[in-house]
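Chemist: Take this structure first; my questions come after.
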């Protein structure tokens, strides 16, 4: 089922997600719905907060992006990223490392708003997969950036919080309009 993606201004986007203690049939259904929603919106990642649920759950799939390569290592060996997609991260913990790199980012909760964001180039990830089994990998390139972006969401941090003040200032009219529209829609519910 395709879910509604909440937009900037919705309070769920600023909520830290609760840990998931058990992989219930409801959580499995939510994962499938989130994947369907992400694909329908042509996104590469979707966090639970973006569908109004404050949980430590995100889904990522970078296969559709051909012009921004991704890397992944499992057990210290490079692996085919596509073979590991989509990736479901439950209760993820990350350790960013490597030089900082600037790259373009957008967000399904901020339609048509993009900015260059500085993030570490790589990230070590530990999480549970959709079966509740531990996974551990190192991600770089677009995948590394997407993991960091989505895990920020799980902690109530938005990509606008990582923008330079100049970029945020330039986008201020669009951000204010989006926030105003979201609040107006919420008031009508």
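Residue-wise test of (1) touching a helix residue (DSSP H, G or I) at 6+ places or on another chain (Cβ under 8 Å); (2) surrounded by fewer than 15 Cβ atoms within 10 Å (Cβ to Cβ).
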{"site": "7", "(1), (2)": "yes, no"}
{"site": "12", "(1), (2)": "yes, no"}
{"site": "16", "(1), (2)": "yes, yes"}
{"site": "32", "(1), (2)": "no, yes"}
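Chemist: Ok, one more. Hey, could you check the range 114-141 for residues that are surrounded by 17 or more Cβ atoms within 10 Å (Cβ to Cβ) and in contact (Cβ under 8 Å) with a residue 60 or more places away in the chain and say which is farthest from residue 23 (Cα to Cα)?
Modeler: Out of the qualifying residues, it is 141.
Chemist: Failed condition for residue 85, given (1) at pLDDT 95 or above; (2) more than 19 Å from the chain's Cα centre (by Cα), with all others met?
Modeler: Failing condition for residue 85: (2).
Chemist: What do you reckon, is residue 68 touching a helix residue (DSSP H, G or I) at 6+ places or on another chain (Cβ under 7 Å) and either modelled with pLDDT under 95 or assigned to a strand (DSSP E or B) (or both)?
Modeler: In short, yes.
Chemist: State whether the residues of the range 153-162 include one that is exposed (fewer than 14 other Cβ atoms within 10 Å of the Cβ) and part of a helix (DSSP H, G or I).
Modeler: Yes: the range 153-162 contains one or more residues that are exposed (fewer than 14 other Cβ atoms within 10 Å of the Cβ) and part of a helix (DSSP H, G or I).
Chemist: Going through 150, 124 one at a time, which residue ends up being within 22 Å of residue 14 (Cβ to Cβ) and in contact with a strand residue (DSSP E or B) (Cβ under 9 Å, 6 or more places away or on another chain)?
Modeler: Of the residues listed, the single one that is within 22 Å of residue 14 (Cβ to Cβ) and in contact with a strand residue (DSSP E or B) (Cβ under 9 Å, 6 or more places away or on another chain) is 150.
Chemist: Now for a separate question. Identify, please: which residue in the range 40-58 is buried (at least 16 other Cβ atoms within 10 Å of the Cβ) and part of a helix (DSSP H, G or I) and is, among those, farthest from the chain's Cα centre (by Cα)?
Modeler: Ranking the candidates gives 51 first.
Chemist: Between residues in the range 176-189 that are touching a residue at least 12 places away in the same chain (Cβ under 8 Å) and residues that are in a helix (DSSP H, G or I), which pairs lie under 9 Å by C-beta distance while being six or more apart or on different chains?
Modeler: These pairs meet every condition: 186/11.
Chemist: Can you pull out every residue in the range 173-182 that is within 14 Å of residue 9 (Cβ to Cβ) and either surrounded by fewer than 16 Cβ atoms within 10 Å (Cβ to Cβ) or in contact with a strand residue (DSSP E or B) (Cβ under 9 Å, 6 or more places away or on another chain) (or both)?
Modeler: 174, 175, 176, 177, 178, 179, 180, 181
The values are calculated or read from the model by the stated rules, or taken from the named source; none is laboratory data. This is a predicted model, so every value here is computed, not measured. Cβ coordinates were reconstructed from backbone atoms using ideal geometry, including for glycine residues, and neighbour counts include every protein chain displayed.
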